[in-house]
Structure formats: C-alpha cells, structure tokens
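Trainee: Sending over a structure as structure tokens; questions will come in a sec.
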Amino acid sequence: MILISMFILKISLLEALIYLAISSKSAVNKQELRSTQTDDAQTCETHCLTDLGDFIEIEPKLLSMVKAQQMAELFGVLADPNRLRLLSALAAAQELCVCDLAAALKMSESAVSHQLRLLRTMRLVSYRKEGRNVYYGLADSHIVNLYHSVAEHLDEVMPF
C-alpha cells in the first residue's frame, strides 16, 4: 500500500513539473511576443475586432467554404503555365482548333487536348464541332475579363 501511494505521489509530482514547464515556456513565449512588437504595431494580443458591428458587417461578405473550395479548384487549374498559354491564345484568337493551338504553342496535339479537357471540365473553355473539326474558345466574358485583369495586374506590378 505504501508502494502504491509513493508511485501516485511521484506521478503527481511529475505532472506538476510538466505543467510548470509548459506554463513557464508559455509565459516566456508571450514575453518574447511582446518584446518583438513595436509601439506602432497595428495588431493586438487578442486579435479582436474593434467593434461587434464591424464583424456583423463583414460576416455576410465572407466566402462560404463551398465557394472557397470551388474557387481554389479553379485557381488550381489556372496554376499551370501551359493552360494559361492556351487561354492567352484563345483570348487573342477567340476560337482555334486543337491542331492550330498545338502549332501556336509548340505542343503536341495530345498535350493540348489533355489541357483543354481539364479547362472544359472547369467550364473555362467551350467548344463547337464543325464536321470533323472541334473549335475551342473561352467559355464566356468572365473568363476573358479574368484573363485580362490578371495580365493587366502583372503588367503593373511586375513590368518586364
């Protein structure tokens, strides 16, 4: 019985030491955080909004998780240089067939078809058939505007 009591006491002491170590480390981290902040910093330790009314105003404007996921997938598809070059060719010519796109971009027709399939899945490009030929174009004005907006933004911030 004495052995069990001593064992429980050792465990309690060990737990207390661990707790003290964690809390002292937390206090040191908080002190380091305070010492790295300057007087003119725009943040506070609690990261709270200044007024509840601000939050009520902001909340309806936040993206839903579903919309954020859809946008992330769209931007993921656009994150490939070859796909962006395809979009640029379609933005310039408005409509091209696979063989013309392949020649313009110096890619194989198979590679162009694969990239167009991904762009079509995300509804970024549309197509029409004329006999045995398939012509691709940008799906709508939103895609054209998105392409031109990003290109214009890059020209402003990263002129080459």
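Trainee: Across the stretch 126-160, what is the total count of residues that are assigned to a strand (DSSP E or B) and among the hydroxyl-bearing types (Ser, Thr, Tyr)?
Mentor: Residues in the stretch 126-160 being assigned to a strand (DSSP E or B) and among the hydroxyl-bearing types (Ser, Thr, Tyr): 4 in total.
Listed here are the residues, each with its yes/no results for (1) in contact with a Cys (Cβ under 6 Å, 6 or more places away or on another chain); (2) surrounded by 11 or more Cβ atoms within 10 Å (Cβ to Cβ); (3) not hydroxyl-bearing (Ser, Thr, Tyr).
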{"residue": "61", "(1), (2), (3)": "no, no, yes"}
{"residue": "92", "(1), (2), (3)": "no, no, yes"}
{"residue": "107", "(1), (2), (3)": "no, yes, yes"}
{"residue": "111", "(1), (2), (3)": "no, yes, yes"}
{"residue": "136", "(1), (2), (3)": "no, yes, no"}
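Trainee: Those residues that are within 22 Å of the chain's Cα centre (by Cα) and without any contact (Cβ under 8 Å) to a residue 12 or more places away in the chain, I need them from the stretch 123-147; list them, please.
Mentor: Selection gives 142, 145, 146.
Trainee: Taking interchain pairs and intrachain pairs at least six residues apart, which have beta carbon atoms under 9 angstrom, with the first residue in the stretch 86-104 and in contact (Cβ under 8 Å) with a residue 24 or more places away in the chain and assigned by TED's automatic domain parsing to the domain that holds residue 118 and the second surrounded by fewer than 17 Cβ atoms within 10 Å (Cβ to Cβ) and of a type in the set (Asp, Glu)?
Mentor: That search, which allows pairs on different chains as well, returns 97/130; 98/109; 101/109.
The values are calculated or read from the model by the stated rules, or taken from the named source; none is laboratory data. Everything numeric here is computed off the predicted structure, so don't read it as measured data. Virtual Cβ from ideal backbone geometry, glycine too; neighbours counted across all protein chains shown.
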